[in-house]
Amino acid sequence: MGIKVAKFGGSSVADGIQLTKTKAIIEQDPDRRYIVVSAPGKRYEGDNKITDLLYLCKTHIEHNLPYDQIFQVVADRYMAVEINLGVKADLLKYFDEIRENLKKNPSSDYIASRGEYLNAVLVAAFLGYDFVDTADLIKFDAKGKLLMEETDEAIRAELSKHERAVLPGFYGSTPDGEIKTFSRGGSDITGSLVARAVGADVYENWTDVSGFLMADPRIVKNPKQIGKISYKELRELSYMGASVLHEDAIYPARMADVPINIRNTNKPEDPGTLITAEGDGNDEHIITGIAGSKDFTVVALYKNMMSSERGFVRRILGILDDYDINFEHLPSGIDTVSVVMANEQINGRLDEVLEEFQSRLRPDTIDVIEDISLIATVGHGMSSRTGTSAKLFNALAEAGINIRMIDQGSSEMNIIVGVENKDFEKAIRAIYDAFVE
Ligand code: ASP
């Protein structure tokens, strides 16, 4: 028998109807032995996510405002499922325990984690699987950094005792036993850690879309779906803004060479997107996907004989370090270097940073280009083809778009162009049409 780890996101476990679909999916393949669940998400537009309601409880507690009604709304949602599906999970006992703890003003991580905790108890009873709490398995250090290896060992040791189990996503604990959560959407990471630990054949991530699309559907009409993508390609794309999978969820699975399959709970017959080490080498389209993000600033520094001046780039990096700014790209020429930074990194301090550049680098000129968007066109297929960049630049030229910056990763897997914010959508459409349509 194989092992599949299946993680179900908030929308897949939002209510009795969704949980019935989830159960059918799990029962359809006996290899689906380890199930990771999020807290119940939205059932319809405008509905509340359980996690948001729990954070709201915490805010009320902090302001000495009554929170019982909010917690009651949370409890009622689980109760409705327990009753509708006829599950015997004895939830009242768990609610009482949480209510007691709420009186002691616990951390917001503890409160938020109860969404996943209660849901895993409920789903385990619904499926007839064991409930295994992740609090003692997912280990963080005192500063809140995930301890990968300790976590891996703890999960493996515990799950070797369970043929089938449901685990709550999103949280673990620190050495003093305090609950600690990942950032939002972090149940994806739990699933990946479990998949790594048990050496799963595949990590299935069940959500409400059938995987990744080649471009943002708000910009490109009916973009094609990505059938296969490599971990590396996905990093290039997710880092630019794709949002189906938490970006930290890639690493653990990747370490153990476990493919990740994004699947749609509402369309289980769709094969979804498969993320593997090699990817597709997508012959059909050359490129795998296009993603981008707005609001960057480019600071171009020019200095005669810069190339023979030692330590110039080191000093740039030193200044960025002093301001705690992560740069995005650093394209360079013989006597020029440009620093590309997200506006949110600069955080209103552009003038100060420019003054530092001026006094510590003594460049001949500094040019600043604001309101730039970066667009990454990604695909393994690009490196082996001649004319890929010509095609991309032609497409942009024909659409009348001025390219303000170009950067190509040394893997030749991506070409990044900087265009003005106003051209962002148009540029993505032009690239998509040139390569896909
Ligand atoms: N429930 C958490 C959130 O809403 C974690 C998750 O669903 O992955 O962010």
Open item on the list: I'm told residue 163 meets every condition in (1) surrounded by 15 or more Cβ atoms within 10 Å (Cβ to Cβ); (2) touching a residue at least 12 places away in the same chain (Cβ under 8 Å) except one. Can you identify the failing condition by its number?
Closed with: (1)
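Does residue 369 count as in contact (Cβ under 8 Å) with a residue 12 or more places away in the chain, touching a Phe, Trp or Tyr at 6+ places or on another chain (Cβ under 8 Å), farther than 20 Å from residue 314 by Cβ and not basic (Lys, Arg)?
No.
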- [ ] Given the conditions (1) in contact with an Asp or Glu (Cβ under 6 Å, 6 or more places away or on another chain); (2) more than 16 Å from the ligand (Cβ to nearest atom), report the number of the one that residue 238 does not fulfil.
- [x] (2)
Open item on the list: Between a residue in segment 32-53 that is in contact (Cβ under 8 Å) with a residue 24 or more places away in the chain and small (Gly, Ala, Ser) and any residue that is more than 10 Å from the ligand (Cβ to nearest atom) and assigned to a loop (DSSP other than H, G, I, E, B), which pairs come within a Cβ distance under 7 Å, given they are 6 or more apart or on different chains?
Closed with: 41/14
Open item on the list: Quick test of your reading of the structure: residue 100 fulfils all but one of (1) charged (D, E, K, R); (2) away from the ligand (no atom under 16 Å from the Cβ); (3) under 15 Å from residue 74 (Cα atoms). Name the failing condition by number.
Closed with: (3)
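I'd like to check which helices (runs of 4 or more DSSP H) are fully inside segment 319-428 and have at least 2 residues that are charged (D, E, K, R) and open to solvent by 60 Å² or more (accessible area, probe 1.4 Å). Full working, then the answer.
Details: elements: 343-346, 350-361, 388-398.
Of the helices (runs of 4 or more DSSP H) lying wholly inside segment 319-428, those with at least 2 residues that are charged (D, E, K, R) and open to solvent by 60 Å² or more (accessible area, probe 1.4 Å) span 350-361, 388-398.
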Open item on the list: Considering only segment 211-222, I want to know if a residue exists there that is away from the ligand (no atom under 16 Å from the Cβ), touching a strand residue (DSSP E or B) at 6+ places or on another chain (Cβ under 7 Å) and not in a loop (DSSP other than H, G, I, E, B).
Closed with: yes
- [ ] Give segment 281-314 a look and list any residue that's surrounded by 15 or more Cβ atoms within 10 Å (Cβ to Cβ) and in a helix (DSSP H, G or I), or say none.
- [x] 306, 312, 313
Task: Condition met for residue 433 (more than 24 Å from the chain's Cα centre (by Cα) and either surrounded by 15 or more Cβ atoms within 10 Å (Cβ to Cβ) or closer than 20 Å to residue 295 by Cβ (or both)) - done: no
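Could you list, in sequence order, all residues of segment 356-415 that are of a type in the set (Asp, Glu) and more than 32 Å from the chain's Cα centre (by Cα)?
First, the residues of segment 356-415 that are of a type in the set (Asp, Glu): 356, 364, 367, 370-371, 398, 407, 412.
Answer for segment 356-415, where residues must be of a type in the set (Asp, Glu) and more than 32 Å from the chain's Cα centre (by Cα): 356, 364, 367, 398.
The values are calculated or read from the model by the stated rules, or taken from the named source; none is laboratory data. Just so we're clear, the structure is a prediction, and the values are computed from it rather than from any experiment. A quick note on method: Cβ atoms are made from the backbone with ideal geometry, for glycine too, and the neighbour counts reach across all protein chains shown. Surface accessibility is based on the protein's heavy atoms, side chains included, excluding ligands, DNA and RNA. Shrake-Rupley method; radii C 1.70, N 1.55, O 1.52, S 1.80 Å.
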